[in-house]
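Step one of this worksheet: look at the structure below.
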Amino acid sequence: MKFPYSFPVTRAFCTYLGQVAFLAGETFTSIFAGRIRWRLVLQQVDEIGFGSQAVVIITGAFTGAVFTAQTFFQFSALNMSSAVGPVVSVALCRELGPVLTALMVAGRVGAAMSAEIGTMKVTEQIDALRALAVNPVDYLVVPRAVAMMISMPLLVGECLFFGIIASYLVAVKLLNVGSVYFIHNMWNFTHGKDIVMAMSKGVVFAILIVFIACQQGLNTKNGAVGVGRSTTEAVVISSLCILIGNFFLTMALNIVFPAGAH
Amino acid sequence: MSVDNLIEVRNLRQTLSGQEILRGVNLDIPRGETVVLLGQSGGGKSVFLRHLIGLIRPLSGSIKIDGEEISRLSERELEPVRRKIGMLFQDGALFDSMTVFDNVAFPLRERGERSEKVIREKVAHSLELVSLQGQEKKMPVNLSGGMRKRAALARAIISEPSCILYDEPTAGLDPIVSDTINRLIRRLQTQLKVTSIVVTHDMISTNYVADHVALLREGRIHFTGTLSALHSSTDPVIRDFIEGRSHEID
Ligand SMILES: Nc1ncnc2c1ncn2[C@@H]1O[C@H](COP(=O)(O)OP(=O)(O)O)[C@@H](O)[C@H]1O
Ligand SMILES: [Mg+2]
């Protein structure tokens with residue numbers, strides 16, 4: 001029994017990881033057992049998916065725009081401005097699109113989830129659910145998880161779409177890159193697998209956000225102060241997990257979908 | 001078998017945050033009767049009630065509901081037990097994302113009632129029983145504390161449980177509404193044979209609804225008996241409680 005106590009940080013970390021994994025396990029068990037309340041899923045898709053569109057479109061568009069401009073400034077010095085299109089689109093699909101979408105969703109949706117569930121916890125509403133023979137994981141976590149896994153890939157797709165439109169506008173209309181070159185090169189160097197990679201990352205990030213946020217909410221203690229704390233932690237921890245997870249995902253997905261090769 | 005007990009609690013112990021709250025509670029709740037649980041504020045009455053529907057797991061001891069030991073059941077195994085029991089939380093614990101109507105309708109919908117007509121009728125009836133008719137569309141935040149408690153009571157009784165746990169049902173209510181609630185508790189018992197545990201400080205309520213009284217003190221049941229045994233007791237602790245005396249020196 002000495003080991004865990006001599007490393008309190010490790011111990012807390014393992015406990016935390018265990019709790020999140022346990023919650024995920026319970027949720028997927030319920031999903032596969034068909035305990036899905038579709039009415040609540042739709043409600044959550046509306047809140048998460050539709051509600052996040054503005055944020056995601058603006059993020060995608062301006063990231064695409066600024067990345068195009070900067071790439072152009074660097075590449076045109078080397079007379080390579082026709083490479084701007086594919087560089088931007090591949091970078092958007094493989095990294096920027098999914099990561100930035102996930103960070104925005106973590107800030108917007110993850111925070112809301114942990115605040116809402118946390119408030120329910122400290123005001124005994126979770127206990128009221130249990131007392132009414134309703135499983136809180138089935139009622140609160142399952143719909144959010146399903147809605148997130150549906151919404152995130154679509155939001156990532158939307159982010160990419162608007163990123164590439166913005167990229168085209170900046171490159172072609174503003175910086176005078178040849179329209180045909182831009183489109184032709186972008187089309188040639190961006191593959192279906194890049195889009196698949198973006199969407200897969202979206203699903204993984206959805207899972208990270210929803211279980212971290214719900215775990216924070218369900219373990220909230222100490223009234224309003226506790227709700228504030230778990231909300232902050234949900235955003236910080238899920239954002240960090242997105243950034244760290246993204247590195248490992250990139251390495252793993254690069255084996256499945258090697259870059260460049262057709 | 002002498003008495004038919006719906007609930008039997010043996011040697012129930014609980015420690016929360018290092019504080020010993022229940023130190024061996026023994027209590028029987030006879031089927032179809034109303035037991036009032038008295039005790040000081042902070043004495044562990046709410047904690048005790050939460051054990052009876054498995055919201056808290058005992059540190060040790062046994063809780064039998066309808067002959068079934070519930071203290072080792074998993075969350076999902078507890079669900080059938082919880083369907084038999086309604087609970088009124090001390091602060092109501094209404095779902096604040098839903099209107100009063102949806103709160104009260106919640107147990108019906110979760111138990112598979114699909115007909116909106118049936119739901120509307122039952123909700124209206126339930127709200128009428130707690131004199132909250134016409135408040136269906138309000139959100140819980142826009143209700144006073146007493147109204148919230150009554151809405152929560154309407155939610156607890158709508159699925160007609162065979163046992164109801166009331167955590168301070170009349171605290172914070174005006175005397176007239178208190179009387180309505182007391183009559184309702186009595187009526188549920190006489191007409192529907194509901195078994196009840198009523199946690200309260202309110203002696204008027206106690207006198208009105210109790211068949212049996214139990215006094216929780218220092219984590220144990222200090223006294224159990226009928227209402228008249230309570231009133232004829234000469235135990236100073238009980239007398240102080242009934243007469244509302246503290247021993248602070250001013
Ligand atoms: N979840 C909890 N964690 C730690 N202590 C608790 C918890 N719930 C209640 N307590 C403590 O248990 C004691 C009894 O509380 P409670 O049952 O609410 O009293 P009451 O008899 O007024 O209903 C109090 O000292 C309270 O601080
Ligand atoms: Mg209490």
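A few notes on this one:
- Carbon/sulfur fraction of accessible area - the range A:13-101, other protein chains in place, 1.4 Å, %: 72 percent
- Principal-axis analysis of the Cα atoms of chain A puts helix A:53-76 at an angle of about 40° to the longest axis.
- For the range B:89-159, the average shadow cast by the Cα convex hull is 4.2 nm², which is a quarter of the hull's surface.
- q = 0.05, 0.06, 0.11, 0.13 Å⁻¹, the protein assembly as shown: log10 I(q)/I(0) [Debye, one scatterer per Cα]: -0.29, -0.40, -0.97, -1.21
- Value of [θ]222 nm, deg cm²/dmol, for chain B, DSSP H segments ≥ 4, -39500 (n - 2.57) each, nearest 500: -11500 deg cm²/dmol
- Residues A:ASN79 and A:LYS173, FRET efficiency given R0 of 30 Å [Cβ-Cβ distance, rounded to 0.05]: 0.90
- The heavy atoms of B:HIS212 offer some 60 square angstrom of accessible surface to a 1.4 angstrom probe.
- Helix axis angle, B:145-157 relative to chain B longest principal axis, alpha carbon, degrees: 80 degrees
- Shielding of A:119-128 by partner chains, average beta-carbon count, 10 Å: 5
- For the range B:209-250 and the range A:102-153, distance of Cα centres in Å: 44 Å
- Top of B:PRO58, B:PRO161, B:PRO175 by mean-square fluctuation, Gaussian network on chain B, Cα under 10 Å: B:PRO175
- Using a Gaussian network model of chain B in which every pair of alpha carbons under 10 angstrom is joined by a spring, one finds that among B:VAL209, B:VAL198, B:VAL118 the greatest mean-square fluctuation is at B:VAL118.
- The alpha-carbon of B:LYS193 sits under 12 angstrom from the alpha-carbons of these aspartates and glutamates, leaving out residues fewer than 8 places away in its chain: B:GLU33, B:GLU160.
- Residue of A:GLY34, A:GLY107, A:GLY25 that the Gaussian network model of chain A assigns the largest fluctuation, springs spanning Cα pairs under 10 Å: A:GLY34
- Shielding by other protein chains, B:89-97, mean Cβ within 10 Å: 5
- Summary of the geometry: the range B:110-126 and the range A:187-262, compared by the centres of their Cα atoms, lie 42 Å apart.
- Straight Cα distances below 24 angstrom link B:LYS138 to the lysines A:LYS121, B:LYS117, B:LYS122, B:LYS149, with same-chain residues fewer than 8 positions distant left out.
- Partner chain coverage, peptide B:46-52 - average Cβ within 10 angstrom: 1
- For the range B:1-82, a/c is not less than 1.5, where a ≥ b ≥ c are the root eigenvalues of the C-alpha gyration tensor, and a/b does not top b/c. That puts it in the oblate class.
- Estimated [θ] at 222 nm from DSSP helical runs (n ≥ 4, -39500 (n - 2.57)) normalised by residues in chain A, nearest 500: -25000 deg cm²/dmol
- Counting only protein chain heavy atoms and rolling a 1.4 Å probe, the accessible areas of B:LEU215, A:LEU174 rank, largest first, as A:LEU174, B:LEU215.
The values are calculated or read from the model by the stated rules, or taken from the named source; none is laboratory data. No experiment lies behind these values; they were computed from the predicted model shown. Positions of Cβ are backbone-derived with ideal geometry, glycine not excepted, and every protein chain shown enters the neighbour counts. Note: accessible area is taken over every heavy atom of the protein model, side chains too, but ligands, DNA and RNA are not part of it. Shrake-Rupley method; radii C 1.70, N 1.55, O 1.52, S 1.80 Å.
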